[in-house]
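K.L.:
Dropping the structure in here first, questions after.
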Amino acid sequence: QVQLTESGGGLVQAGGSLRLSCGASGSISRIVAMGWYRQVPGKQRELVAAITSGGSTNHADSVKGRFTIARDNAKNTVYLQMSSLKPEDTGVYYCNFVVTHTTTPGQYVYWGQGTQVTVSS
């Protein structure tokens, strides 16, 4: 079992910055990929940014140039640096890890508990 713990959300004015963190604990053999998703009421959860084990990144068009995903392999942690925040960035942000375990085959997906980001205009 893997537990993901998120931190860093909050209330910020438009144009401000926040840094989200998500650390994983538990039995992990290998982290395949990590990502951040955003959900607002009435809409599906959407991908904000992702990073693979090889370091390749993917950012949603709406956040390119403003958000940056990064990782610390030694700490099993993924970060999302958010700058030039806009009111439309408001939502609950969830981290996501795709991992393998030593005792069972296949890849497994785990989610964080979510952290609220609110950007005021």
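K.L.:
ASN73 is checked against (1) surrounded by fewer than 19 Cβ atoms within 10 Å (Cβ to Cβ); (2) within 14 Å of GLU6 (Cα to Cα) and fails just one. What number does that condition carry?
P.N.:
With (1) surrounded by fewer than 19 Cβ atoms within 10 Å (Cβ to Cβ); (2) within 14 Å of GLU6 (Cα to Cα) applied to ASN73, the lone miss is (2).
K.L.:
Here is a follow-up. So which residues in the stretch 33-55 are within 11 Å of ILE69 (Cβ to Cβ), surrounded by 12 or more Cβ atoms within 10 Å (Cβ to Cβ) and of a type outside the set (S, T, N, Q)?
P.N.:
Hits for the stretch 33-55 are ALA33, MET34, GLY35, TRP36, LEU47, VAL48, ALA49, ALA50, ILE51.
K.L.:
Separate question: When residues of the stretch 93-121 are filtered for being outside any strand (DSSP E or B), in contact (Cβ under 8 Å) with a residue 60 or more places away in the chain and either closer than 24 Å to ARG30 by Cβ or over 14 Å from the mean Cα position of the chain (by Cα) (or both), how many remain?
P.N.:
6
K.L.:
Which residues, counting only those in the stretch 19-32, are under 14 Å from LEU80 (Cα atoms) and open to solvent by less than 30 Å² (accessible area, probe 1.4 Å)?
P.N.:
LEU20, SER21, CYS22, GLY23
K.L.:
Give the residues of the stretch 63-121 that are touching a His at 6+ places or on another chain (Cβ under 9 Å) and of a type in the set (Phe, Trp, Tyr), sorted by residue number.
P.N.:
PHE67, TYR108
K.L.:
Given the condition within 25 Å of SER120 (Cβ to Cβ) and modelled with pLDDT under 95, answer yes or no: does some residue in the stretch 55-77 qualify?
P.N.:
no
K.L.:
Got a number for residues in the stretch 76-92 being touching an Asp or Glu at 6+ places or on another chain (Cβ under 8 Å) and open to solvent by 30 Å² or more (accessible area, probe 1.4 Å)?
P.N.:
1
K.L.:
Okay, moving on. Tally the residues that are more than 22 Å from VAL99 (Cβ to Cβ) and either assigned to a helix (DSSP H, G or I) or not charged (D, E, K, R) (or both), restricting the search to the stretch 40-58.
P.N.:
Adding up the residues that qualify gives 4.
K.L.:
Still on this structure, please answer the following. Considering the stretch 1-18 alone, what residues qualify as being under 13 Å from the mean Cα position of the chain (by Cα) and within 19 Å of ALA74 (Cα to Cα)?
P.N.:
Matches in the stretch 1-18: LEU4, THR5, GLU6, SER7.
K.L.:
A further question follows. If the Cβ limit is 6 Å and pairs must be 6+ apart or interchain, which residue in the stretch 63-92 that is without any contact (Cβ under 8 Å) to a residue 60 or more places away in the chain pairs with which residue that is surrounded by fewer than 19 Cβ atoms within 10 Å (Cβ to Cβ) and aliphatic (A, V, I, L, M)?
P.N.:
Sorted first by the residue in the stretch 63-92, then by its partner, the pairs are GLY91/VAL40.
The values are calculated or read from the model by the stated rules, or taken from the named source; none is laboratory data. Since the structure is predicted, the reported quantities are computational estimates derived from the model, not experimental observations. We place every Cβ from the backbone using ideal geometry, glycine too, and count neighbours over all the protein chains shown. Ligands, DNA and RNA are stripped out before the accessible areas are found, and what is left, the full protein with its side chains, is counted by its heavy atoms. Shrake-Rupley method; radii C 1.70, N 1.55, O 1.52, S 1.80 Å.
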